[in-house]
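What follows is a single structure, written as structure tokens, with notes after it.
The values are calculated or read from the model by the stated rules, or taken from the named source; none is laboratory data. All values reported here derive from a predicted model rather than from experimental measurement. Please note: Cβ atoms are built from the backbone with ideal geometry, for glycine as well, and neighbour counts cover all protein chains shown. Only protein heavy atoms, including side chains, enter the accessible area calculation; ligands, DNA and RNA are left aside. Shrake-Rupley method; radii C 1.70, N 1.55, O 1.52, S 1.80 Å.
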Amino acid sequence: MQVSVVIPAYNEEETLGILVDRIRDSTESIPNVSRWEIVFVDDGSSDGTWATMRTLAELQPALVKAFRLRRNFGKAAALDLGFQAATGDIIMTMDADLQDDPKEIGRFLDKLNEGYDLVSGWKEKRNDPLSKTLPSKLFNKVTSWMSGVDLHDFNCGFKAYRRGVIENVRLYGELHRYVPVLARDLGYRIAEIAVEHHPREHGVSKYGLERYVRGLIDLITILAITRFFRRPGHLLGGLGVLFGVVGFVILGILAVQWFLGHPIDGRPLFFLGVLLTIFSVQMVSIGVLAELMIRTSPHEDPMASVAERTDSTTNPEVRQT
């Protein structure tokens, strides 16, 4: 078994050297692993993160690889690049801020060996302020309820995947937190383990409350992908029928009032009914066209890569993208 640990980083120059040492120390005693590699991806940092990564890769070329995005594309893009660069049978992801403990890696591998394809971490005792933990709990409950995937912590970046999972799930936008939902939709087995979570000692958090807003918007995207990707007419047509029924009821009530001698011209409710009826016809029509396109066009991966490898540095495993 070969294991790759993919670590995206944004302005985390103080933690990278410590993290490499801890991963190396924690993995030395894990049996049945023939090769370890650490794949760092600098997500357009403005500090010395990239220089630190390059130094680590040049000093330990057998263990460390380093890649760089030319600007800050976001965590999903950094992970996607790391997945493409990783060569292991098992791919692990963790954050670079030292809040994830590398000593948990062995537990992830043990859980995978029980027959699971993806193991997600759960920061059961989270060492973060209430301004982060309370919104996160609400977000996780809503996501679990709407997606049907029973996980406590979708935001935890500490995960382990079999290679087949990452080869079939491509990331963009903010979809990295929904990989378990996408994997479950493809039939992969998912498990969760509680992991130790340390307080942040270096740097500052790069996320605010706005990530939950983006996350909820992406959740709608995920639900559309997993439930209606192969049958878009059911989604669009269903919405069209719903709007049509509401519009028909409104116009029906107004028609009865008109027969009884009550004027309806100029009433906002009349225009709402007409608008909903027109919108219904449009939605159903678009749904039919979408079904025709699905059945007459070859399926293409909708998740395009945002990065392209270009030049390399003195170490062939240290690349800038």
Can you tell me which condition Asn11 does not meet? The list is (1) without any contact (Cβ under 8 Å) to a residue 60 or more places away in the chain; (2) over 20 Å from Asp101 (Cβ atoms); (3) not hydroxyl-bearing (Ser, Thr, Tyr), and all the others hold.
(1)
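Here's the yes/no breakdown for (1) within 21 Å of Glu37 (Cβ to Cβ); (2) in a helix (DSSP H, G or I); (3) without any contact (Cβ under 8 Å) to a residue 24 or more places away in the chain:
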position: Glu124; (1), (2), (3): no, no, no
position: Lys137; (1), (2), (3): no, yes, yes
position: Ser144; (1), (2), (3): no, yes, yes
position: Val149; (1), (2), (3): no, no, no
position: Gly157; (1), (2), (3): yes, no, no
position: Ala160; (1), (2), (3): yes, no, no
position: Gly164; (1), (2), (3): yes, yes, no
position: His176; (1), (2), (3): yes, yes, no
position: Arg184; (1), (2), (3): no, yes, no
Neighbours by Cβ (under 9 Å, 6+ apart or cross-chain): first from segment 14-37, within 17 Å of Gln99 (Cα to Cα) and touching a residue at least 60 places away in the same chain (Cβ under 8 Å); second part of a loop (DSSP other than H, G, I, E, B) and open to solvent by 70 Å² or more (accessible area, probe 1.4 Å)
Glu14/Glu201; Thr15/Glu201
Given the condition among the polar types (S, T, N, Q) and surrounded by fewer than 18 Cβ atoms within 10 Å (Cβ to Cβ), answer yes or no: does some residue in segment 5-16 qualify?
no
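Touching a strand residue (DSSP E or B) at 6+ places or on another chain (Cβ under 7 Å), assigned to a loop (DSSP other than H, G, I, E, B) and surrounded by 15 or more Cβ atoms within 10 Å (Cβ to Cβ): does that describe Val20?
Considered against the rule, which asks whether it is touching a strand residue (DSSP E or B) at 6+ places or on another chain (Cβ under 7 Å), assigned to a loop (DSSP other than H, G, I, E, B) and surrounded by 15 or more Cβ atoms within 10 Å (Cβ to Cβ), Val20 comes out as no.
Looking at the structure I just gave you, is Ser26 assigned to a helix (DSSP H, G or I) and polar (S, T, N, Q)?
Values: assigned to a helix (DSSP H, G or I): yes; polar (S, T, N, Q): yes.
Criteria met by Ser26.
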May I ask you to verify whether Met283 is modelled with pLDDT under 80 and touching a helix residue (DSSP H, G or I) at 6+ places or on another chain (Cβ under 9 Å)?
no
Restricting attention to segment 259-294, report how many residues are surrounded by 13 or more Cβ atoms within 10 Å (Cβ to Cβ) and charged (D, E, K, R).
2
Going through segment 145-160 in order, the residues found to be at pLDDT 85 or above and open to solvent by less than 40 Å² (accessible area, probe 1.4 Å) are Val149, Leu151, Asp153, Phe154, Cys156, Gly157, Phe158, Lys159, Ala160
Go through segment 47-95 residue by residue and tally those that are assigned to a loop (DSSP other than H, G, I, E, B), open to solvent by less than 50 Å² (accessible area, probe 1.4 Å) and under 19 Å from Leu175 (Cα atoms).
3
In segment 25-46, the residues that are open to solvent by 80 Å² or more (accessible area, probe 1.4 Å) and closer than 23 Å to Asp89 by Cα
Asp25, Glu28, Ser29, Pro31, Asn32, Ser34, Arg35
